[in-house]
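Encoded as structure tokens, the structure appears first; notes follow it.
The values are calculated or read from the model by the stated rules, or taken from the named source; none is laboratory data. Values in this document were obtained by computation on a predicted structure and should not be read as measured data. All Cβ positions, even for glycine, are placed from backbone atoms using ideal geometry, and neighbour counts span all protein chains on display. Quick note on the areas: whole protein, heavy atoms, side chains included, nothing else; ligands and nucleic acids left out. Shrake-Rupley method; radii C 1.70, N 1.55, O 1.52, S 1.80 Å.
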Amino acid sequence: MIRRTHPELGDPAAGNGILSRRVFLEGTLVIGATGAGLSCGSAEPLAVQPWMKVPGTGFAGYGQPSPFESKVVKVFPPPPNPPGVGSSRTPLHMLEGMITPSGLHFERSHSGVPEIDPDQHRLVIHGLVKRPLVFTLEALSRYPMQSRIAFIECGGNSLALNAPQAQPLNVAAIHGLLGCSEWTGVRLSTLLDEAGIEPEARWVIAEGADAAAMSRSIPLTKAMDDALLCLYQNGERVRPSNGYPVRLLLPGFEGNMNVKWLRRLKLTAGPAMTKDETSKYTILLKDEKAWQFVFPIEVKSVITRPSPGLALREPGFYEISGLAWSGNGSIRQVDVSADGGRSWAPAALQGPILPKAPVRFRAAWQWNGSPAVLQSRATDDTGMVQPTRAQFAAERGFRGVYHYNAIASWRIDEMGEVSNVYA
Amino acid sequence: MFTLKPIAVCIAMLTLAPAAQAQAPQLGQPIAPADIAPWDISIGPDGAGLPPGRGTAIEGEAIYVAKCQACHGEKGERPNVALAGALVGGIGTLAPDKTPIKTVGSFWPYATTLFDYVRRAMPFQDTKSLTADEVYAVSAYILNLNGIIGPNDVIDAHSLPEVRMPNRDGFIPFPRNPK
């Protein structure tokens, strides 16, 4: 039954069934290195279904997913929190590729999602500038634009893994504060140049038009480097939950700094020390000190499939699939282990590999039906390697809450059930 | 002829692209500081931006009870709303191996942040509704509950930046930020 045209492609590359990534690179799928393929009994005769015979529905102004996909939704805690405080999380285990559908992009808001009339919206640039300026959305829309694919990850993503015991949570609940879009808009440097930067200016205080007036201080160097005022997300206007009508994108920097519903940019000599850069988004270390202004999301990866809730049905071939990203550059390599980090093999990286964008990685795995612990470990092009949980803890302990990026582990038991563990 | 024209335009745009980038349209409208003032609510740690006005903890208690207590709990110690967080207590809990309780009193490095944040974002259902006097007074109340100032200390644009927060020296820069 099993054609092994290139027997070497099924060769083990690391312990406990990890196969060579040449399976992906050479485009040939070889099932069953141990000879156990999927069940090979004869299939049922093919049915002619009703939808094959009568016309389907007509056109829709805005397309919706199939009703059969109704479980693919963001997850968020039920009330009684004040509405809109907290976050909703992207169901990473149900998605593929690198782009997050706009409607499934995670959201973190501090006072709900404002309903902003774009004609009434204004963006003001002032402070240490020669000419304070105000922009309408219509004016912003007339500037030369740029697109780039970039991830946004909340600084609080994966914080559940700081807990002393591994919690029974799935990939959305742990790692779902991550999204990636094609963002299109105007370079912030263009508008700052128009306003004329005074020589003493070092920081830009960005502020939202939401009721919380969420505000963060951003180094002027970043504002002038690759900051983008985004009007479009995945080709359409930015979604309200992601900052309509204009949001700041600071590629690679922690999500909170990418201020949504942007209404004001004030240039200053020093940071404002806002609540979200003192009380929150600072990292308390093992001693009494806390790191402040932790900007880049450091190199990280997570396996999205298999993952909790996506049980393995029977021993055999599985693709291990996941995402790797770094706010400091591009992903150079992802290694995968099925034996809790004792042995590793490189995964195949799905192009395009872009700086500050997630990369989909894939590894071939022959599960023999015995317990396994799956891990992924990313390396970026600055040479930074994702730390083990022990290395992460040795540097900063587990009191930091934010920017948890250590290697994560999924345990597979004999029944094929997947759970979050520390290994 | 109809088809050729757009092509010519495209070629012109391609050759001009770098120049167009350099001289982007200047579409920002000048605006006077007085017209920005209603939005200019950022307060610096040196007190820059603090408005005229004053308040004491004694005066702030009634505002707190009426407008904050429902979510942040009596005397700011036990919040009734999940993400609201305690505003008071926790001093000493940042010590190694302790479970930190991060509050205004135990963790915040600058008292000016309290004015900035309460004015822009609280009370939750009706933000930017307090007068400057009310924000000074309720800030004084929270600082007093934390044992940082006295009940009759006057908090205003001059005294607020002078308040020494217990964790003022608790922060160090992250060593791996991009240059």
Here is a check on your reading of the model: is residue B:45 closer than 25 Å to residue A:215 by Cα, at the interface with chain A (Cβ under 10 Å from one of its Cβ atoms) and either open to solvent by less than 50 Å² (accessible area, probe 1.4 Å) or touching a residue at least 24 places away in the same chain (Cβ under 8 Å) (or both)?
yes
Does region B:150-167 contain any residue that is under 14 Å from the mean Cα position of the chain (by Cα) and of a type in the set (Asp, Glu)?
no
Determine whether region A:325-337 contains at least one residue that is closer than 30 Å to residue A:367 by Cα and surrounded by fewer than 18 Cβ atoms within 10 Å (Cβ to Cβ).
yes
Could you say which residue among A:231, A:250, A:285 is in contact (Cβ under 8 Å) with a residue 60 or more places away in the chain and open to solvent by less than 10 Å² (accessible area, probe 1.4 Å)?
A:231
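Does region B:124-131 contain at least one residue that is open to solvent by less than 20 Å² (accessible area, probe 1.4 Å) and under 19 Å from residue B:79 (Cα atoms)? Working first, answer last.
The first filter runs over region B:124-131 and keeps only residues open to solvent by less than 20 Å² (accessible area, probe 1.4 Å), leaving none.
Within region B:124-131 (the criterion being open to solvent by less than 20 Å² (accessible area, probe 1.4 Å) and under 19 Å from residue B:79 (Cα atoms)), the answer is no, since none of the residues qualifies.
Working only within region A:116-133, note down all residues that are open to solvent by 70 Å² or more (accessible area, probe 1.4 Å), within 12 Å of chain B (Cβ to nearest Cβ) and in a loop (DSSP other than H, G, I, E, B). Give the derivation first.
First, pick out the residues of region A:116-133 that are open to solvent by 70 Å² or more (accessible area, probe 1.4 Å): A:117, A:119-120, A:122, A:130-131.
Right, trim to within 12 Å of chain B (Cβ to nearest Cβ) and you get A:122, A:130-131.
Passing the criteria: A:130, A:131.
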Would it be correct to say that residue A:186 is assigned to a strand (DSSP E or B), farther than 21 Å from residue A:254 by Cβ and open to solvent by less than 40 Å² (accessible area, probe 1.4 Å)?
yes
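Only one of A:323, A:310 is away from chain B (no Cβ under 14 Å), outside any strand (DSSP E or B) and of a type in the set (A, V, I, L, M); which?
None of the others qualify; the one that does is A:310.
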Of the conditions (1) in contact with an Asp or Glu (Cβ under 9 Å, 6 or more places away or on another chain); (2) open to solvent by 10 Å² or more (accessible area, probe 1.4 Å); (3) within 30 Å of residue B:114 (Cα to Cα), residue A:294 satisfies every one except a single condition; which number is it?
(2)
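Mind checking which residues of region A:263-300 are on the phi > 0 side of the Ramachandran plot and more than 7 Å from chain B (Cβ to nearest Cβ)? Give the steps one after another, and end with the answer.
Just the residues of region A:263-300 that are on the phi > 0 side of the Ramachandran plot, to begin with: A:273, A:281, A:293.
Across region A:263-300, the qualifying residue is only A:281.
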Could you pull out every one of the helices (runs of 4 or more DSSP H) wholly within region B:68-163 that has 2 or more residues that are within 20 Å of residue B:44 (Cα to Cα), within 14 Å of chain A (Cβ to nearest Cβ) and modelled with pLDDT of 95 or more?
B:112-121, B:132-145
